[in-house]
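First up is the structure itself, then whatever we jot down about it.
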Ligand code: HEM
Ligand code: FES
């Protein structure tokens, strides 16, 4: 009887100790989580991911134009329009058009005309974005939606 | 009432200087006896973090080379010059660049203050690295100092973080692109998660990046965050850790020294002379102090029993040690003033998010990493640095040998091990670099190769493997883990230097190889 009681008291003490440690640890943990979460941005103050680039006639057939603000190349050939991201998939520098492909100044990644990596550290090819036509007749690029290179918008 | 006449008041006023000084210092001035010299240290808030006596062995300039102190003084200098810069600097994308230009060209002395801050930052990274090198080679991470080595590694990380965050603040082209690359390294976890096709579920990469720069590209959010990190968060962590670092040195009984340090001291003529000089001076000043009586004198038959130089080869920190420290401060300051007078901190064109610098080079201490990153973003920027940091942190817990410590290279065997390792490291690394420059790497031969193979099999990982193998071989050969540690550390140190030279001098536009910058194409 006495023994059992003592054991129970010890247990209660253990319990309280564990509860206290848990409370302190939990508070610290929650604090860290909340801080981290609040530092993750909810609204990005950046150029919109879906944007208009102008009317089809603004682009000559067989041309490659670089749109600086959005960092995309707009390519037009006889079959239609394609949009290629200019952001290197390695570490985010801007690739340059070399005529027969693209090359990155930062660590020397090279891409061919279809955006595939041919050399350097880039882990994957450049992204192709979806191009569509807005009701007002302007072209729209959606940089959230990547597509296969073969998909072009015919106009 | 009569007690408080004019006479008493004038007398009290005459004593004012003395009584104020004593209340201020909490010990007699100037300190003469050994006891008062100790008081000069432990009655002083700023000095009492060091012990009151210092072993002659630790005063040998060739032992520490003052490198830890230099790091600390540069940190102070950076704090002070940084506050001056903050007077004119505003962390907004509209103003930052203009403010820095104004500081450089308009503000009185602004140019020198900015130069001091810039060269001080480079100098601090350099000094901290060299300090780590000296602590390693003198084996000063052993016994009770294990954990101070870890604190040191944290300080190294914080120092790098301070440089990296400060790099963005001028908002010029160099800043913008170096930081873009850095932020994307934080995001390069996606190289792994993409290869495993799990990015959709746990996107560690974007999480890191958004936490760090508050968006997907460097902009106002990033500038605000980097400013906060640079001026408040990291400096507070740094000064706290420095406090702990120093406190632990004191608790460890001062700097490390070999168990037979006393014999070594006896045999060193210059040190013996110095000790005699200090002792003679103390006796003279104690003897000159005729009014002093020593209670101990009746117990110990000696003129000045406190001056126990011969007993343990220590001398009072005050004034010898403090003067040694002040001279390190003066040397550091002069070097910084010299640099800042003759060399201006660079400032490129204002940041342009649509055209990168070509080549876009990070500051020198990150160029070795940039070379590794040019094989694989994840391995070069996160994987290998993490392996190196973990390896460094484990050193004191794996090498627990009671070998000679407090001695450079732990003696002759260590010197020859280090020499051989430099050779091994240089030959193997230069061969691999030459191979890669000449023949390319896997992707050039097998265009369709999956990225994950390159991530784990690239010049960077191969060299890490070779270094580790070499160290294991040295352990087998010598039967000593300390020698294994010396081999590994030396390989990585030499590797770091070679990669840094490679990135600095032999990489040009598009990160192509050039024998010298004069061959870079003009454009
Ligand atoms: C902000 C950076 C740092 C500062 C201001 C600093 C400062 C100091 C100072 C003033 C000393 C006294 C001896 C000397 O001057 O060499 C010291 C000793 C020491 N430091 Fe550092 N240190 C820093 C970084 C590091 C790093 C990166 C390491 C290693 C990873 C390290 C490990 C140690 C150890 C183990 C000692 C004791 C050495 C002995 O007992 O001989 N410290 N530090
Ligand atoms: S960012 Fe393009 S190669 Fe590194």
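Can you give me the three principal axis dimensions of the stretch A:50-147 from its C-alpha atoms, in Å, biggest first?
Extents along the principal axes: 41, 25, 21 Å.
Can you give the angle from 0 to 90° between the axis of helix B:67-88 and the longest principal axis of chain B, with both taken from C-alpha atoms, to the nearest 10?
Helix B:67-88 sits at roughly 70 degrees to that axis.
So what's the gap between the Cα centers of the stretch B:250-264 and the stretch B:428-498, to the nearest angstrom?
Cα centroid of the stretch B:250-264 versus Cα centroid of the stretch B:428-498: 37 Å apart.
Would you compute, for the Cα atoms of chain B, the largest minus smallest coordinate along each principal axis and list the three values in descending order, in whole Å?
Principal-axis extents of the Cα atoms in chain B, largest first: 99, 62, 48 Å.
For the stretch B:358-515, compute Rh as the Kirkwood radius over C-alpha pairs and then the Stokes-Einstein diffusion coefficient at 37 °C and 0.692 mPa s; write the answer in µm²/s, rounded to an integer. Intermediate results must be reported in sequence, preceding the final value.
Working: Rh = 16.7 Å.
Here the translational diffusion coefficient equals 196 µm²/s.
For helix A:2-39, what angle does its Cα long axis make with the longest principal axis of chain A, in degrees from 0 to 90 and rounded to 10?
It is inclined by approximately 20 degrees.
What is the fewest-to-most order of B:17, A:130 by other Cβ atoms lying within 10 Å of their Cβ? Could you put the intermediate results ahead of the total?
Working: B:17 9, A:130 17.
If I rank by nearby Cβ atoms, fewest first, I get B:17, A:130.
Considering every residue in B:349-359, what mean count of other chain Cβ atoms within 10 Å of its Cβ is obtained? Spell out each step's value before the answer.
Details: counts 0, 0, 0, 2, 5, 8, 6, 9, 3, 7, 4.
Neighbouring Cβ atoms belonging to other protein chains average 4 per residue here.
Quote the relative contact order of chain B in percent (integer), defining contacts as alpha-carbon pairs under 8 Å separated by 6+ residues. Don't jump to the answer; show the numbers that get you there.
Numbers: 578 pairs, mean separation 109.4, N = 523.
Normalised by residue count, the contact order of chain B is 21 percent.
Write down, largest first, the equivalent ellipsoid semi-axes of the protein assembly as shown in whole Å, where each equals the square root of 5 times an eigenvalue of the alpha-carbon gyration tensor.
On the way: eigenvalues 653, 194, 159 Å².
Calculated on Cα positions only, the semi-axes equal 57, 31, 28 Å.
Taking the Cβ of each residue in A:127, A:14 as the centre, tally the other Cβ atoms inside 10 Å and list the residues starting with the fewest.
So the residues, fewest neighbours to most, are A:14, A:127.
For the stretch B:145-205, just say rounded, prolate or oblate: build the C-alpha gyration tensor, square-root its eigenvalues into a ≥ b ≥ c, call rounded for a/c under 1.5, and beyond that prolate if a/b exceeds b/c, oblate if not. Can you show the working numbers first?
Details: a/c = 4.15, a/b = 1.21, b/c = 3.42.
Oblate, since a/c reaches 1.5 and b/c is not below a/b.
Let me confirm one metric for peptide A:120-129, namely the mean number of other chain beta-carbon atoms within 10 Å of its residues' beta-carbons. Each step should come with its number before you reach the end.
Values: counts 8, 17, 4, 14, 5, 0, 0, 0, 0, 0.
Partner Cβ neighbours, averaged per residue: 5.
Can you check what the Kirkwood hydrodynamic radius comes to for the stretch B:410-454, Cα pairs only, in Å to one decimal? The partial results should precede the final answer.
On the way: mean 1/r = 0.0767 Å⁻¹.
One decimal place: 13.0 Å for the Kirkwood radius.
Arrange the following residues from fewest to most other Cβ atoms within 10 Å of their Cβ: A:38, B:51, B:471. Don't skip to the answer; put the middle values down first.
Working: A:38 9, B:51 19, B:471 25.
If I rank by nearby Cβ atoms, fewest first, I get A:38, B:51, B:471.
Ignore the peptide's own chain and count Cβ atoms of other chains within 10 Å of each Cβ in B:210-217; give me the average, rounded.
On the way: counts 4, 5, 1, 1, 5, 5, 6, 6.
What the average comes to for B:210-217 is 4.
Taking only Cα atoms, what is the 0 to 90° angle, nearest 10, from helix B:173-186's long axis to the longest principal axis of chain B?
Once rounded, the angle reads 80 degrees.
Cα centroids of the stretch B:138-179 and the stretch B:22-71: how far apart, whole angstrom?
Cα centres, the stretch B:138-179 to the stretch B:22-71: 28 Å.
Based on the mean of other beta carbon atoms within 10 Å per residue, what is the order of B:67-74, B:322-329, A:25-32, most packed first?
Details: B:67-74: 22.8, B:322-329: 15.1, A:25-32: 10.1.
Highest-to-lowest ranking by the protection proxy: B:67-74, B:322-329, A:25-32.
Running Debye on the stretch B:24-155 with equal point scatterers at the Cα sites and no solvent, what base-10 log of I(q)/I(0) appears at q = 0.11, 0.12, 0.15, 0.17 Å⁻¹?
So the normalised log intensities work out to -0.64, -0.73, -0.92, -1.01.
Readers should treat all values here as calculations from the given coordinates under stated rules, not as data from a laboratory. On a predicted model such as this, the values are computed, not experimentally measured, just so you know. Cβ: placed from backbone, ideal geometry, glycine included. Neighbour counts: every protein chain shown.
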